[in-house]
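Chemist: Next up is a structure, given as structure tokens.
Every number here is computed from the coordinates shown, using simple stated rules; none is lab data. In this text the structure is predicted, and so the values were computed from the model without any measurement. Cβ: placed from backbone, ideal geometry, glycine included. Neighbour counts: every protein chain shown.
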Amino acid sequence: MATLYQSRKMTMPETHPEHLEFWQAAAEGKLLIKQCDSCGEYHYYPREHCPYCMSNKTTWKEAKGTGSIYTYSVMRKGVPYAIAFVTLDEGPRMMTNIVDCDLDAVHIDQIVKVVFKQSGDHDNPGSFIPCFTPVNGD
Ligand SMILES: [Zn+2]
């Protein structure tokens, strides 16, 4: 039996001024991550200082938006949903929701791509949250 994804209200993550650019890009359907100018490593969530070398020279980069599921958990109380850690092709891992699919078919190493879902927060109706959905054929 399949557990189909249903739209649900998501709470807007806490936003920091340094993440403004991230949310503006999300509204345009772009996933931004940060790359360190000093050591070249990508990281997420976005920080002012590189977590690898502590450099404060970091630059926003648009991620390809594809990755694979590192681990996941399906919540079945109320409206079912899947929380996962997705490893982006660029390397960083992000905590996210897996959407628009059969939640029973979600599996580790599944190839996924980013989709943006509106948070449904009435105070902040313009906010789009990056979620991931399986790439067709997987
Ligand atoms: Zn660095």
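Chemist: Using just the C-alpha positions of region 18-134 as equal point scatterers, what log10 of I(q)/I(0) does the Debye formula give at each q in 0.21 1/Å?
Modeler: Scattering profile of region 18-134, log10 relative to I(0): -1.15.
Chemist: Another one. Describe numerically, in nm with one decimal, the distance between label points set 7 Å from Cα along Cα→Cβ at Lys113 and at Gln6.
Modeler: Going from the Lys113 label point to the Gln6 one covers 2.8 nm.
Chemist: Under a straight-distance cross-link criterion of Cα-Cα below 20 Å, which aspartates and glutamates are reachable from Lys64, leaving out those fewer than 8 residues away in the same chain?
Modeler: Correct list for Lys64: Glu21, Glu28, Asp37, Glu41, Asp89, Glu90, Asp100, Asp109, Asp138.
Chemist: Can you sort Val115, Val79, Val86, Val74 by how many other beta carbons sit within 10 Å, fewest first?
Modeler: Starting with the residue having the fewest Cβ neighbours, the order is Val79, Val74, Val115, Val86.
Chemist: Using packing as a proxy for protection, rank 40-51, 14-25 so that the peptide with the highest average count of other Cβ atoms within 10 Å comes first. Let's see the in-between values first.
Modeler: Values: 40-51: 15.8, 14-25: 12.9.
Packing proxy ranking, top to bottom: 40-51, 14-25.
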